[in-house]
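K.L.:
Provided herewith is a single structure, encoded as structure tokens, for subsequent inquiry.
The values are calculated or read from the model by the stated rules, or taken from the named source; none is laboratory data. Bear in mind the structure is a predicted one, so any value in this text is a computation, not a measurement. When we count neighbours, we look across all protein chains shown, and the Cβ atoms used for this are built from the backbone with ideal geometry, even at glycine. Quick note on the areas: whole protein, heavy atoms, side chains included, nothing else; ligands and nucleic acids left out. Shrake-Rupley method; radii C 1.70, N 1.55, O 1.52, S 1.80 Å.
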Amino acid sequence: MKKIIYILLVFCFTANGFAQQTPASPQKEAITIEGAVAHLGDGTVIENSLIMFEGGKITFVGDAKMRIARKGKVINAKGKHVYPGFIAACTVLGLVEVDAVRASDDQAEIGGMIPHVRSLIAYNSESKVIESMRPNGVLMAQIAPRGGVIPGTSSVVQLDAWNWEDAAVKTDDGIHLHWPNSYRRGRWWLGEPRGLQPNKNYKKDISNVVDFIVNAKAYNETTAKPFHQEFAAMEGLFSGEQKLYVYADGEKEIIDAVTTLKENDIKNVVLVGGYNAYKITDFLKKHNIPVLVRAMHNLPSNNDDDYDLPYKMAKLLTEGGLLVGIQNNGEANFQNRNLPFYAGQAVAYGMEKEAALQLITSNTAKILGIDDTHGTLAVGKSATLFISEGDALEMRTNKLQKAFIDGRDVSLETHQTELYKRYMGKYNRGE
């Protein structure tokens, strides 16, 4: 009996040590933030700001000099900065905990075209990776599936929740499509030449995608029909209720994807990646295609590319008149916390600071279809914001003092901050 009790105690302490913090309680009193430099996320900056929120919604945004009664708890943020919560797009946050542990990896399901698979229901709100996002200001994310041609649907979540239902901000916002490549790497283990080789099946691969879309459209236009789960999941693409996130990098692939999808009545298309999109901005602008560029902390893909092409990509596309956001698809899961520093990299390579901020706030919110409630500091929108001691796009000064999600005062503690305090204590004692 003693042995059983001991095992239970060990389990409880271990679980407590590795569990996510308890989500913050709903906002109970009004909160006023006074004196901070407010970066509204739409390009506007208020040097001496007054921001109030109540019931999870922003009720006032203006200059602190205005004669207006402060409400509830007043936070003196003079000398600090206030930002809307940053939004990570096309990420597997909450779907993968440890890459090497298969049981903790839910980013992909079996099947090539499975638009009915909902990534949201696999979302682990207690992921330790998720809690490491908040101290850098990343408070929301689009949880997207990977693997296969059409791996499923994504959803937008906030990053302080009890479960996936509690986390959901916008469910099933879009379906993701990995467009075929006209080139592929030779499979040396099958005796093929190494390096890039023309994909002889490119037209066939496209035909398979088109056939699936055409059949799905025909299915959804028919009234009397047996239930087809995959085709039924595509209905939102034809009605315009959902967006299709297309992953493509080459000029040919991008043009083929956009042209083909528009011809088949896919109303809202978002380009993800778009490494060579800067060469065809006029084409993308004509078709009103927003772009989620890959993270800036990358090397050029081709030997003859400018060394700084990944760093200035967002600037080039923005100057081309496109709506641009940043995503981290394909990178290590934990690197999503570097989202503000990707935007900072764009600033270092010529982009205006407030325009770069929009890459991870208002622009991304517009692309994901949540700009009516998130992405900027504006009256009536969600009080999802944070206070930083300095410039949040700069590594040295991104030091959060407070963070709020829907007005809730969320924890900024993580397993990493706990270890930092633990070992700083050790060194301070001279051990």
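K.L.:
Considering only DSSP beta bridges whose two residues both sit in the chain, what percent are antiparallel, to the nearest 5?
P.N.:
Details: 36 of 66 bridges.
Around 55 percent antiparallel, to the nearest 5.
K.L.:
Report the net charge of residues surrounding K353, where surrounding means a beta-carbon distance below 11 angstrom and charges are Lys +1, Arg +1, Asp -1, Glu -1.
P.N.:
Values: positive: none; negative: E352, E354, D391, E394.
Combined, the nearby Lys, Arg, Asp and Glu give -4.
K.L.:
With the crude spin-label approximation of a point 7 Å out along Cα→Cβ, what separation in nm comes out for I121 versus Y427?
P.N.:
4.8 nm
K.L.:
What is the percent of Cα-Cα separations in the chain that go past 30 Å? Mind showing how you got there, number by number?
P.N.:
Values: 43815 of 92665 pairs.
It works out to 47 percent of all Cα pairs.
K.L.:
Name all residues of the range 114-134 having a backbone nitrogen under 15 Å from the label point set 7 Å from the Cα of W162 along its Cα→Cβ direction, giving them as ranges.
P.N.:
125-126
K.L.:
What do you get for the angle between helix 2-18 and the principal long axis of the chain? Use alpha-carbon atoms, 0 to 90 degrees, nearest ten.
P.N.:
Around 80 degrees separate the two axes.
K.L.:
Give the Cα extents of the range 326-370 along the principal axes, in whole Å, largest first.
P.N.:
So the extents along the principal axes, rounded to whole Å, are 28, 26, 13.
K.L.:
Suppose R0 equals 30 Å; then what is the FRET efficiency for D282 and K78 from their Cβ-Cβ distance, rounded to the nearest 0.05? Don't jump to the answer; show the numbers that get you there.
P.N.:
Numbers: r = 46 Å, r/R0 = 1.55.
Result of the calculation: an efficiency of 0.05.
K.L.:
Also, quick follow-up: Can you tell me which lysines have their Cα less than 26 Å from the Cα of K286? Leave out same-chain residues fewer than eight positions away.
P.N.:
Partners within reach: K203, K217, K243, K252, K262, K267, K312, K315, K366.
K.L.:
Which three extents, in angstrom, do the Cα atoms of the range 191-247 have along their principal axes, listed largest first?
P.N.:
Extents along the principal axes, in whole Å: 50, 22, 16.
K.L.:
Using a 1.4 Å probe, what is the accessible area per residue for the chain, in Å²? Kindly include the intermediate steps, with their values, before the conclusion.
P.N.:
Values: 20710 Å² over 431 residues.
Here the per-residue accessible area is 48 Å².
K.L.:
As I understand it, the dipole of the chain uses +1 on the Cβ of Lys and Arg and -1 on the Cβ of Asp and Glu, about the Cα centre. Which of S382, I405, I31 lies farthest toward its positive end?
P.N.:
Looking along the dipole axis, the top candidate is I31.
K.L.:
Quick one: dipole size for the chain, taken about the Cα centre, charges +1 on Lys/Arg Cβ and -1 on Asp/Glu Cβ, in debye to the nearest 20.
P.N.:
Values: 48 positive and 50 negative charges, 176 e Å.
With only Lys, Arg, Asp and Glu charged at Cβ, the dipole is about 840 debye.
K.L.:
Once every Cα of the range 12-161 carries one equal point scatterer and solvent is ignored, give the base-10 log of I(q)/I(0) from the Debye formula at q = 0.20 Å⁻¹, two decimals.
P.N.:
Taking Cα atoms of the range 12-161 as identical point scatterers yields -1.17.
K.L.:
Expressed as an acute angle from 0 to 90° and rounded to the nearest 10, what is the orientation of the C-alpha long axis of helix 309-319 relative to the principal long axis of the chain?
P.N.:
Relative to the chain, helix 309-319 is tipped by roughly 90 degrees.
K.L.:
Okay, moving on. Using only C-alpha atoms and all pairs of different ones, pull out the Kirkwood radius for the range 362-425 in Å with one decimal. Could you put the intermediate results ahead of the total?
P.N.:
Numbers: mean 1/r = 0.0728 Å⁻¹.
Hydrodynamic radius (Kirkwood, Cα only) of the range 362-425 equals 13.7 Å.
K.L.:
Per 5 Å bin from zero, what fraction in whole % of the C-alpha pairs of the range 163-296 is there, up to the bin with the longest pair?
P.N.:
2, 9, 17, 18, 17, 15, 10, 7, 4, 1, 0
K.L.:
Taking the Cα-to-Cβ direction at R194 and at Y420 and moving 7 Å from each Cα, how far apart do the two end points lie in nm?
P.N.:
4.2 nm
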